[in-house]
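The values are calculated or read from the model by the stated rules, or taken from the named source; none is laboratory data. Owing to the predicted nature of the structure, the values given are computational and were not obtained by experimental measurement. Glycine also receives a Cβ, built like all others from the backbone with ideal geometry; neighbour counts cover every protein chain displayed.
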């Protein structure tokens, strides 16, 4: 009596979904921190006595350097991979936001927010994380990238109200310190324990099934 042997079941979640989740979380905190500027705008004017134009220039400087940092981050990503780019960017990003809690003059604000935070945003924003996620998916690439990038919207939806309540309760300095440290711990943990450079998953998966079977 011939009994056909079935191949053992391959159990385990395709690792690309972990990359997707990590990208979602990084964008969640990055976008929330980025758009917290509007919440702290008025309290900073009241405490520090700066004009609206002076504070707005920091935002202009941030957006300008952010645009250039995206180009640099893309170049570094192609050469060194996502992990090192995210690590370096996180250091700048976290330092930029956390050090806002210590500023007392405009030039300090221009450096920490206009320069440091902008450089950090370039390596933790949509283009790089979309590229990272796309390398892990083929069949469901569009859906995977969309789910990862949804973290950008959810971060604004959730963290801006949280930042607002925190600013009202504890002040804008404590709020910026908290969000800076949170991004440092979360992003570094994801880089160390979750994010990998490329997909070498040997088993067919929802994302690789057709291509892997043809090989």
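Note on the range 57-90: residues that are under 19 Å from residue 23 (Cβ atoms) and touching a residue at least 24 places away in the same chain (Cβ under 8 Å) amount to 16. Whenever a residue of the range 5-25 is modelled with pLDDT of 55 or more, its partners that are surrounded by fewer than 19 Cβ atoms within 10 Å (Cβ to Cβ) and not in a loop (DSSP other than H, G, I, E, B), lying with C-beta atoms within less than 6 angstrom and at least six residues away or across chains, give the pairs 20/147.
Taking the numbered list (1) closer than 26 Å to residue 20 by Cα; (2) at pLDDT 95 or above; (3) more than 18 Å from the chain's Cα centre (by Cα) in turn, residue 117 passes all entries but (3). Of all the criteria given as (1) modelled with pLDDT of 95 or more; (2) over 22 Å from the mean Cα position of the chain (by Cα), the one not satisfied by residue 207 is (1).
Listed by first and then second residue, the pairs with beta-carbon distance under 8 Å, at least 6 apart or on different chains, first residue in the range 168-179 and on the phi > 0 side of the Ramachandran plot, second part of a helix (DSSP H, G or I) and surrounded by fewer than 17 Cβ atoms within 10 Å (Cβ to Cβ), are 171/43.
Residues are listed down the side, and each one gets a yes or a no for (1) buried (at least 16 other Cβ atoms within 10 Å of the Cβ); (2) modelled with pLDDT of 95 or more; (3) within 19 Å of the chain's Cα centre (by Cα); (4) more than 14 Å from residue 120 (Cβ to Cβ):
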site: 35; (1), (2), (3), (4): no, no, yes, yes
site: 47; (1), (2), (3), (4): no, yes, no, yes
site: 62; (1), (2), (3), (4): yes, yes, yes, no
site: 66; (1), (2), (3), (4): yes, yes, yes, no
site: 78; (1), (2), (3), (4): no, no, yes, yes
site: 82; (1), (2), (3), (4): yes, no, yes, yes
site: 89; (1), (2), (3), (4): yes, yes, yes, no
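Where helices (runs of 4 or more DSSP H) sit wholly within the range 98-150, those with at least 2 residues that are touching a helix residue (DSSP H, G or I) at 6+ places or on another chain (Cβ under 7 Å) and crowded, with 17+ Cβ neighbours inside 10 Å occupy 118-122, 126-134.
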